[in-house]
Amino acid sequence: MKKKIIIQINFNNVSVGSIPKLSEDWINQRISIFMKYTFKSLTLQTSQDFSAYVLYDESTTAIIKKALSNYPSLPENIIFIKPKEFQKQVINNIKGYDYLYIVHLASDDMYHKSFIQLLHEFSPKEDTIALVPQYGYAYDSIQNRLGKFFFWLPSYGATIYKVKDFLQGKRHNFGWRDALKVPNEFINVKEPIWINHVHSQNSAIWFEKVLSWRSKFVKDACDLNPWTNSERSSAHFGPEITDKNEIKRILEDFMGK
């Protein structure tokens, strides 16, 4: 069974509130964050058998190219691309494979270095179309604070297609908010496999918000059993890791030294 793993990273192609994602300042700062964290996580993967596409708004092509020119050339399997070209690339890449895994990652977050290899080795059930990893870390790179984080519906999972179906135009009609409502399996159970990155430009989450998800009834968020209830949310943080050497060691497994 041959798998093609494609990582989809939305850079500035999706609008979020009033965030100025088309401005040169925003793009320059976010590409800097991408290179320092997400890019390192991708190149650290023990398996490089994947293609990562970073989707950007077509109107910002010149700004994107200018920003990228300040860095070494990207490897062949990490590509900045316009959304309208993305589907064409996917179709070209999956010919000759049996299964397509579309994996999601934000342009500032990170996977554990073993994540792609684990996806290649994982054997899902025949009807599974969503893989859900509920265990990770929250990391504040401004304050250098890190802690275990359980989140019932993270956006780091994978959507599975049979290649023959995808080439015939079949698309699963669900977003990650619905991943527990479709045939799914939990992966990396009780093993932190992703980092949700808190930084100065992250408007969706901040460390004080994460701290509010601590509970006196939960000592270790990664000891929790998988959450299966699609009608209710579940998020837990803790413990916070305070040993600086331990923080450094953990981060090295996600972004190298």
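The conditions are (1) open to solvent by 10 Å² or more (accessible area, probe 1.4 Å); (2) outside any loop (DSSP other than H, G, I, E, B), and Val90 fails exactly one of them. Which is it?
Unmet condition: (1).
Being outside any loop (DSSP other than H, G, I, E, B) and either over 21 Å from the mean Cα position of the chain (by Cα) or free of Cβ contacts under 8 Å to residues at least 24 places away in the same chain (or both), is that true of even one residue in the range 46-59? Step through it out loud before you land on a result.
Residues of the range 46-59 that are outside any loop (DSSP other than H, G, I, E, B), as a first pass: 51-55, 58-59.
From what's left, either over 21 Å from the mean Cα position of the chain (by Cα) or free of Cβ contacts under 8 Å to residues at least 24 places away in the same chain (or both): 58-59.
Yes, some residue in the range 46-59 is outside any loop (DSSP other than H, G, I, E, B) and either over 21 Å from the mean Cα position of the chain (by Cα) or free of Cβ contacts under 8 Å to residues at least 24 places away in the same chain (or both).
Here's the yes/no breakdown for (1) open to solvent by less than 10 Å² (accessible area, probe 1.4 Å); (2) free of Cβ contacts under 8 Å to residues at least 24 places away in the same chain; (3) over 15 Å from Val103 (Cα atoms):
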{"position": "Ile129", "(1), (2), (3)": "no, no, no"}
{"position": "Pro133", "(1), (2), (3)": "yes, no, no"}
{"position": "Ile142", "(1), (2), (3)": "no, no, yes"}
{"position": "Gln168", "(1), (2), (3)": "no, yes, yes"}
{"position": "Asp178", "(1), (2), (3)": "no, no, yes"}
{"position": "Lys181", "(1), (2), (3)": "no, no, yes"}
{"position": "Asn188", "(1), (2), (3)": "no, no, no"}
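For the list (1) open to solvent by 40 Å² or more (accessible area, probe 1.4 Å); (2) assigned to a helix (DSSP H, G or I); (3) not β-branched (Val, Ile, Thr), I need the number of the one condition that Glu76 fails.
(2)
Residue pairs, Cβ under 7 Å, 6 or more apart or interchain, first in the range 210-226 and open to solvent by 40 Å² or more (accessible area, probe 1.4 Å), second part of a loop (DSSP other than H, G, I, E, B). List them.
Asp223/Lys190; Leu224/Val218; Pro226/Gln134; Pro226/Val189
Checking Leu118 against (1) closer than 23 Å to Ile5 by Cα; (2) aliphatic (A, V, I, L, M); (3) open to solvent by less than 10 Å² (accessible area, probe 1.4 Å); (4) touching a His at 6+ places or on another chain (Cβ under 9 Å), only one condition comes out false. Which one?
(3)
So Lys95 passes all but one of these: (1) under 29 Å from Val198 (Cβ atoms); (2) over 21 Å from the mean Cα position of the chain (by Cα); (3) not aromatic (Phe, Trp, Tyr). Which condition number does it fail?
Going through (1) under 29 Å from Val198 (Cβ atoms); (2) over 21 Å from the mean Cα position of the chain (by Cα); (3) not aromatic (Phe, Trp, Tyr) one by one, Lys95 breaks only (1).
Can you tell me which residue among Lys148, Lys162, Lys219, Lys190 is closer than 26 Å to Lys2 by Cα and either among the β-branched types (Val, Ile, Thr) or in contact with a strand residue (DSSP E or B) (Cβ under 8 Å, 6 or more places away or on another chain) (or both)?
Residue meeting the stated conditions: Lys162.
Could you name every one of the strands (runs of 3 or more DSSP E) located completely within the range 101-158 that has at least 3 residues being among the hydroxyl-bearing types (Ser, Thr, Tyr)?
Values: elements: 130-132, 135-140, 145-151.
Because the criterion is at least 3 residues that are among the hydroxyl-bearing types (Ser, Thr, Tyr), the strands (runs of 3 or more DSSP E) in the range 101-158 that meet it are 135-140.
The values are calculated or read from the model by the stated rules, or taken from the named source; none is laboratory data. Since the model is a prediction, treat every value here as computed from it, not as a measurement. Don't worry about glycine lacking a Cβ; one is built from the backbone with ideal geometry, like all the others, and counts go over all protein chains shown. To get the accessible areas, we keep the full protein, side chains included, count just its heavy atoms, and leave off ligands, DNA and RNA. Shrake-Rupley method; radii C 1.70, N 1.55, O 1.52, S 1.80 Å.
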